[in-house]
Amino acid sequence: MRIGSKLGIAILGWGVLVAISTAGAQDEKAKEPKKGAEVARVQSIPLGGKLDGLSGDRQYGVYVPTKFGGELTLTTSSGEIEALTGPDGKARQNGKEVGNDAHGWYTFKVKGAKDKYEVETSFVQLGKSARKPWNFYYWPTKADSLHEPWAGGNGRVDTPAPVGDDVMLKGVGSYVAPGEDIILAGPNGLLETTPSAGDTSTWFPNLYDDLTWRGPDGTMFATPSPMLKYDQLFNLGARAYEANFTPNKDISRWPGHCLGGAVASILLNEPSPAPWSGMTKDELKGLWAELGENHYNHRIGDYANLIPPGPPRAGFDETDRFVARFHQVLESHIRGQKQALLGNLRAFPPRGTNNEVWNHGIGEYVATYHAVPGQGERAIKMDIELRANSGSCLNGQDDKPRIVNYQYKLVYGLDGGVDETNVAGNDWISVGGEAMFAPLNLLEVVETKWAGHNPSVTEQNIRSIDLANGGNTFARSGGAPQFRPVGTYEAGRPMLAGSNSSLNSPSTPSRGLFRGIFGRR
């Protein structure tokens, strides 16, 4: 049907010729169809909208623009909805899925209404991948540090000197801003200095942690220790390599292993550690995250990429031209192929910045359709609820999806797919929920080579202790091993090749490869 026409003629199947008025009222002087054809006068109702002031038993039509299906629901304030018929001329059930390749005009009747009434339509599309991406923890690379308190500090360095191989950044008595680092963990990756009164310390779970960590008040805490346990299972030195070469030394705490964790969550079964390995599920996920963190090893198929952060706003802005490409990838893969996608959804509110990278597995969305008044039945304002996995799930905390809301306008083609050539019809209107900016990208991960930056962490070893992704090839008797702390296990082991105590080791592997696709980390 031609967009903007006052009266359209739609072939609905079974030889029935239907005249659909898109002006909101019957046009008695409409052009007559060919003689002998069966004609039904139909008034259109906007998709996701309503018309009121209606009366009598009448026939109506509503246009569904997408070939990927969804639930079409019709309601009337009086009378009954009858004879819902699809574009193929076959009967459909109100409130049910219309099915794939079923885009076009749907007709129905309202019968038995009393007085004036209104008719409303709703169309909701659920996209859901066959494999649900599992939640993970992003294992930050920020070095543990002793620092000035974020609030209530005295503005100066109070701790006199570092302990062990910790590195002092500012001398005692120096001025420091709130949150600024004073002492960083050295090449062994372990913060060994206890802060004096006036300073504090912060610890985040890292891949290279010891079995325990001492808090600012001297309390000892048990910690996840993925690489230390891995080393003792396979007699390797992965932890020392990771501790020496991967920590970032600035104040930022968001860089980590979210790319590797997200890719693993899309392509693998949720890990299940062999009981005799002594590892937890989170620790095993952390090892897979290390293997998946190498940007060069992922082959990307379809994508929407390099989307500006915005934030989007109603009317023209730089994010608008990416709407059609983004929705085409979202709809065709998650809904059409039941395939989870990888996406950098950028920072969390309320204080995130637009350079932050937060990669997620995206396995579900809900799209609610609304026809745009005056722009034809294929122009749609879309409300999207995007459901991604959590990248901060550790010890059962934050075990819930990250939910992001987008609203944008786009135009569908006559074939039922998004019309990517109609750039003028795009408008990225807003972003909400657990996001502040437009996403950087949406990517189809076709395949990956499981090889991270750490040469001691191998796919073969990890699969051997993962019952969900490889089996029981590393069976041992006697139960889980008695793991030793770093100081005991690594005592006397040779120093790593290329190791040094400077804050910027020349051997540090780059975490910014392919940053145009995956974002800078």
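The values are calculated or read from the model by the stated rules, or taken from the named source; none is laboratory data. Remember, predicted model here, so these are calculated numbers, not experimental data. Don't worry about glycine lacking a Cβ; one is built from the backbone with ideal geometry, like all the others, and counts go over all protein chains shown.
Scanning region 408-417 turns up one or more residues that are under 21 Å from residue 308 (Cβ atoms), in contact with a His (Cβ under 7 Å, 6 or more places away or on another chain), crowded, with 20+ Cβ neighbours inside 10 Å and modelled with pLDDT of 95 or more.
In this entry, residue 99 is excluded by the filter for residues that are at pLDDT 95 or above, in contact with an Asp or Glu (Cβ under 6 Å, 6 or more places away or on another chain) and assigned by TED's automatic domain parsing to the domain that holds residue 81. Could you tell me whether region 280-297 includes any residue that is among the hydroxyl-bearing types (Ser, Thr, Tyr) and free of Cβ contacts under 8 Å to residues at least 60 places away in the same chain? Yes: one or more hits.
When 216, 255 are screened for being in the same structural domain as residue 465 (by TED's automatic domain parsing), more than 21 Å from residue 454 (Cβ to Cβ) and either of a type outside the set (Gly, Ala, Ser) or in a helix (DSSP H, G or I) (or both), only 216 passes.
So is residue 78 of a type in the set (Ser, Thr, Tyr) and farther than 23 Å from residue 378 by Cβ or not?
For residue 78, the condition - of a type in the set (Ser, Thr, Tyr) and farther than 23 Å from residue 378 by Cβ - is met.
The one condition from (1) buried (at least 23 other Cβ atoms within 10 Å of the Cβ); (2) part of a loop (DSSP other than H, G, I, E, B) that residue 428 does not meet is (2).
What tally of residues in region 55-86 results from selecting those that are touching a residue at least 60 places away in the same chain (Cβ under 8 Å), more than 19 Å from residue 335 (Cβ to Cβ) and either in the same structural domain as residue 366 (by TED's automatic domain parsing) or assigned to a loop (DSSP other than H, G, I, E, B) (or both)? Looking only at that region, the number is 1. Going by the conditions given, is residue 335 in the same structural domain as residue 387 (by TED's automatic domain parsing), over 16 Å from the mean Cα position of the chain (by Cα) and surrounded by fewer than 24 Cβ atoms within 10 Å (Cβ to Cβ)? Answer is no for this residue. Report the residue count in region 108-161 for those that are within 32 Å of the chain's Cα centre (by Cα), of a type in the set (Phe, Trp, Tyr) and modelled with pLDDT of 95 or more. Selection size over region 108-161: 6.
Here are some residues: 434, 377. Which one is of a type in the set (D, E, K, R) and under 14 Å from the mean Cα position of the chain (by Cα)?
On the way: 377 fails: under 14 Å from the mean Cα position of the chain (by Cα).
Going through 434, 377 in turn, the sole match is 434.
Pairing residues of region 456-468 that are farther than 17 Å from residue 281 by Cα with residues that are assigned to a loop (DSSP other than H, G, I, E, B) and among the aliphatic types (A, V, I, L, M), at Cβ distances under 6 Å and at least 6 apart in sequence or on separate chains, gives 456/236. Just so you know, in region 449-484 the residues that are of a type in the set (Phe, Trp, Tyr) and at pLDDT 75 or above include one that is surrounded by the most Cβ atoms within 10 Å (Cβ to Cβ), and it is 450.
Within region 434-442, identify whether any single residue is within 20 Å of residue 312 (Cα to Cα), among the polar types (S, T, N, Q) and crowded, with 23+ Cβ neighbours inside 10 Å, and answer yes or no. Explain how you work it out, then say what you get.
Start the filter on region 434-442 by keeping residues that are within 20 Å of residue 312 (Cα to Cα), which leaves 434-442.
Still in the running and among the polar types (S, T, N, Q): 441.
Pick out the ones that are also crowded, with 23+ Cβ neighbours inside 10 Å and you get 441.
Yes, because at least one residue in region 434-442 is within 20 Å of residue 312 (Cα to Cα), among the polar types (S, T, N, Q) and crowded, with 23+ Cβ neighbours inside 10 Å.
Just so you know, in region 274-306 the residues that are within 16 Å of the chain's Cα centre (by Cα) and assigned to a loop (DSSP other than H, G, I, E, B) include one that is surrounded by the most Cβ atoms within 10 Å (Cβ to Cβ), and it is 305.
In region 92-201, which strands (runs of 3 or more DSSP E) lie fully inside it and hold 1 or more residues that are in contact (Cβ under 8 Å) with a residue 24 or more places away in the chain and surrounded by fewer than 22 Cβ atoms within 10 Å (Cβ to Cβ)? Let's see the steps before the verdict.
On the way: elements: 104-111, 117-128, 145-147, 181-184.
Where strands (runs of 3 or more DSSP E) fall fully within region 92-201 and carry at least 1 residues being in contact (Cβ under 8 Å) with a residue 24 or more places away in the chain and surrounded by fewer than 22 Cβ atoms within 10 Å (Cβ to Cβ), they are 104-111, 117-128, 181-184.
So is residue 309 crowded, with 19+ Cβ neighbours inside 10 Å, modelled with pLDDT of 95 or more and over 22 Å from residue 124 (Cα atoms) or not? Here the answer is yes, as residue 309 does meet what is asked. In region 376-403, the qualifying residues are those that are of a type in the set (S, T, N, Q) and at pLDDT below 95, and the one that is surrounded by the fewest Cβ atoms within 10 Å (Cβ to Cβ) is 397. In this structure, residue 364 does satisfy being assigned to a strand (DSSP E or B) and outside the structural domain of residue 48 (by TED's automatic domain parsing).
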